[in-house]
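Working notes, beginning with the structure itself.
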Amino acid sequence: MVTRTVCQVLQRRFSSAAAALRASPADVRSQRNAVFSREQARQRALYPRIEKIEVSMQCPGLEGTLLVMNRGMSTPLSCARHLTEHYVDNSALALVDGEPWSLHQPLTHSCSLTLLTFKDNDPTIANQAYWRSCSALLGQVLETAFKEDFTVELLSTMDVEATAGAFCCDVVLDPQLDSWTPSEESLRSLTRGAQQLIHQDLAWEPLVVVPSVALEVFSHSRCKQEEVQQKASQSPTGTVMLHRCGDHVLLSAGPLVGRTGLCSQYDVTALHNLGEGPWGLQRRAQGLSLPLHMEAHHTVWRKLKQRAGRLVEMPKPEEVTPPASEQPATTSA
């Protein structure tokens, strides 16, 4: 009993010492934003002169429409603004030469372009990007939901099929919160945080970068650095995709929808305890959402929420054990 008490005291002291040396969450966000903005400006400067490209529209009813746009500057959203308000308001994603493409990602060559909505005959690609975006929004809420004294480590992102019943975000909270059990009011508070971001209608800005830039962005997170290296090794081009929403920079498994305002009904439904992992006590946050103009009746929504509260089982990614110097401060005594 005495030994256990001594261990707990030492753990608290080590945790406090680590916290004192650790950059604050606000400083981390500022640093990530600065690197993102610097790289974004560098990439834009690659096109100092205006060069024209031809964009062939492939949307239903627009076949044969040809737009002359600016290389490296114009985006699919720029093209939508040359069409009608319908495409500006309802487009969620684009296909550029058949490949999924963010609405805010610049076009670099003449291409075919299809603007995707959630009400297309086959909305599969738009729905996948939407589910991924809802997970990104959940991670952003979690990262800023706690006091600045507490750290929040977002773990590697994995795409979850909508048939799973919920989107997910795995996270490790500050060791001081290991004993915390979220209540229904806690989940409602997280939901309100998400709804505030939705109401702000923030853009998800994409940025494709080489690994060295992504490693600098996530220089305060060994976990994210491991994920950058893994994604880069799996990418045919050796690059990784970042997104920025407000002041939150994230590593994405693929393109996200254009803006947070495309989310409508949105609820955080659970925060499950998954037990100890290589980075600390791992939790899985889950939620449920429907896009704009597709709201469900409250009775149906209540049943969907109940299902979305059940733990979504996902295959575990290859575990990487952090170096001894980076082991979590709180481990089993």
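The values are calculated or read from the model by the stated rules, or taken from the named source; none is laboratory data. Computed from a prediction, not measured in an experiment: that's the story for all the values here. Glycine also receives a Cβ, built like all others from the backbone with ideal geometry; neighbour counts cover every protein chain displayed. We work out accessible area using only protein heavy atoms, side chains counted, and drop any ligands, DNA or RNA first. Shrake-Rupley method; radii C 1.70, N 1.55, O 1.52, S 1.80 Å.
Whether any residue in the range 47-63 is open to solvent by 40 Å² or more (accessible area, probe 1.4 Å), under 26 Å from Met294 (Cα atoms) and either in contact (Cβ under 8 Å) with a residue 40 or more places away in the chain or polar (S, T, N, Q) (or both) is what I want to check.
Among the residues of the range 47-63, at least one is open to solvent by 40 Å² or more (accessible area, probe 1.4 Å), under 26 Å from Met294 (Cα atoms) and either in contact (Cβ under 8 Å) with a residue 40 or more places away in the chain or polar (S, T, N, Q) (or both), which makes the answer yes.
If the Cβ limit is 9 Å and pairs must be 6+ apart or interchain, which residue in the range 27-43 that is hydroxyl-bearing (Ser, Thr, Tyr) pairs with which residue that is open to solvent by less than 30 Å² (accessible area, probe 1.4 Å)?
Correct list of pairs: Ser37/Arg244.
Read through the list (1) closer than 25 Å to Glu39 by Cβ; (2) at pLDDT below 95, then give the number of the only condition that Phe146 fails.
Only one criterion in (1) closer than 25 Å to Glu39 by Cβ; (2) at pLDDT below 95 is unmet by Phe146, namely (1).
Among the candidates Ala92, Ala126, Ala41, which residue alone is open to solvent by 40 Å² or more (accessible area, probe 1.4 Å) and among the small types (Gly, Ala, Ser)?
Ala41
Name the residues in the range 64-86 that are surrounded by 11 or more Cβ atoms within 10 Å (Cβ to Cβ) and among the charged types (D, E, K, R), would you?
Correct list: Arg71, Arg81.
Tell me whether the range 197-204 contains one or more residues that are of a type in the set (Asp, Glu) and without any contact (Cβ under 8 Å) to a residue 60 or more places away in the chain.
No, the range 197-204 contains no residue that is of a type in the set (Asp, Glu) and without any contact (Cβ under 8 Å) to a residue 60 or more places away in the chain.
Does any residue in the range 260-288 that is modelled with pLDDT under 95 come within less than 6 Å, Cβ to Cβ, of a residue that is of a type in the set (Ser, Thr, Tyr) and surrounded by fewer than 21 Cβ atoms within 10 Å (Cβ to Cβ) six or more places away or on a different chain, and which pairs are these?
So the pair list comes out as Pro278/Thr321.
Could you check the range 247-265 and list, in sequence order, the residues that are polar (S, T, N, Q) and open to solvent by 20 Å² or more (accessible area, probe 1.4 Å)?
Ser264, Gln265 - these are the residues of the range 247-265 that are polar (S, T, N, Q) and open to solvent by 20 Å² or more (accessible area, probe 1.4 Å).
Select, from Asp159, Asp149, the only residue that is open to solvent by 60 Å² or more (accessible area, probe 1.4 Å), closer than 19 Å to Asp267 by Cα and assigned to a loop (DSSP other than H, G, I, E, B).
It is Asp159.
Hey, among the residues in the range 72-101 that are hydrophobic (A, V, I, L, M, F, W, C) and assigned to a helix (DSSP H, G or I), which one's nearest to Pro206 (Cα to Cα)?
So, considering only residues that are hydrophobic (A, V, I, L, M, F, W, C) and assigned to a helix (DSSP H, G or I), the one nearest to Pro206 (Cα to Cα) is Leu77.
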